1. Please compute the per residue accessible area over the chain with all protein chains in place, 1.4 Å probe, rounded to a whole number of Å².
2. Can you list which of the trypsin sites (Lys or Arg not before Pro) found in region 29-78 are DSSP loop residues with at most 12 other C-beta atoms within 10 Å?
3. Indicate the gyration tensor shape class of region 1-41 (rounded, prolate or oblate), computed on the Cα atoms with a ≥ b ≥ c the square roots of the eigenvalues: a/c under 1.5 is rounded; otherwise a/b larger than b/c is prolate and the rest oblate.
4. Of the listed pairs 51/132; 51/83; 10/83; 51/173, which have alpha-carbon separations greater than 31 Å here?
5. Lysines near residue 131 by alpha-carbon distance under 24 Å, same-chain residues fewer than 8 away left out - which ones?
6. Given Cβ point charges of +1 (Lys, Arg) and -1 (Asp, Glu) and nothing else, what value in debye, to the nearest 20, does the dipole of region 37-175 about its Cα centre take?
7. Under a plain spin-label model, where a point goes 7 Å from the Cα along Cα-to-Cβ, how far apart in nm are residue 129 and residue 39?
8. Could you list which residues have their amide H under 5 Å from that of residue 40, counting only those 5 or more apart in sequence or on another chain, with H placed in the peptide plane?
Amino acid sequence: GELTVRVASKTASSVFSDVNARTCSWAANAVDFMNEYGLVKGTGTSTFGWKGSMTRGDFVLILYRNAGSPSVYGVSNPFTDVKSTDYYYEAVLWAYRNNVVNGTSTTTFSPNANVTREQMAAILYRYAQYKKYNTAASSSLNGFTDHASVSGYATASLEWAVAEKLVNGSAGKLM
C-alpha cells in the first residue's frame, strides 16, 4: 500500500488573535504549543503580545513552568527588586535556588529588564545542567564577526547554544 502524509503549518494561532498571517505567522505553531502546555499565557485572554520584548522575569517563568512549577517553600529571597506579590516571584526563587539564574548584582535580579541573548544562553545552559542534559557540546564563536564583544560569563554558554543550534546569529553576527 501507499501512505500519503500531508503536513501543513499553521498561519494563525487558534488561541491568540494577534498571531496571524499578517503579523507573525511563522510563530503560530510554537505559540499555540507553548500555550497548550501552560508555558505561556499571553497578555490577555485573546492576545499574545508578540510585539513586546521578553523580560528576565518572563523568561525564567517559562522555564519554571516547564520544570513543573516546583515548590519554593523555605527559599530565602536575596533580591530586593523581586516582591512576593510579583507574578514571577516563585519562578525567580526556584531558578536562583537551582543555580539556573544569577542576579544582575548580589541583591538585584532586574526582572523587568529585557533579557539579552547572552543572558538567555547562560540561563538555558544552566537550565540544561539542572535537567542533567549533556552540555558538553561546544562550537567556536570565531565565525561571528562580533565574537570579541561577548561577555566573559556568556562565552561557554553561547558556544554551547551555537553548537546546539539554539543560537545562529544573523548576517555573520551573534548580535
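The values are calculated or read from the model by the stated rules, or taken from the named source; none is laboratory data. Worth saying up front: this structure is predicted, and the values here are computed from it rather than measured. FYI the Cβ positions are ideal-geometry reconstructions off the backbone, even for glycines, and counts take in every protein chain you see. Heads up: the accessible areas ignore ligands, DNA and RNA and are worked out on the full protein's heavy atoms, side chains in. Shrake-Rupley method; radii C 1.70, N 1.55, O 1.52, S 1.80 Å.
1. On the way: 10570 Å² over 175 residues.
On a per-residue basis, 60 Å².
2. Details: sites: 41, 51, 56, 65; in loops: 41, 51.
Sites meeting the loop and neighbour criteria: 51.
3. Values: a/c = 3.81, a/b = 1.72, b/c = 2.21.
Taking the square roots of the gyration eigenvalues as a ≥ b ≥ c, region 1-41 is oblate.
4. Working: 51/132 33 Å; 51/83 26 Å; 10/83 39 Å; 51/173 23 Å.
Table pairs above 31 Å Cα-Cα are 51/132; 10/83.
5. Within the straight-line limit of under 24 Å, residue 131 reaches these lysines: 41, 165.
6. That gives region 37-175 a dipole magnitude of about 240 debye.
7. Placing both labels 7 Å along Cα→Cβ, they lie 2.2 nm apart.
8. 35
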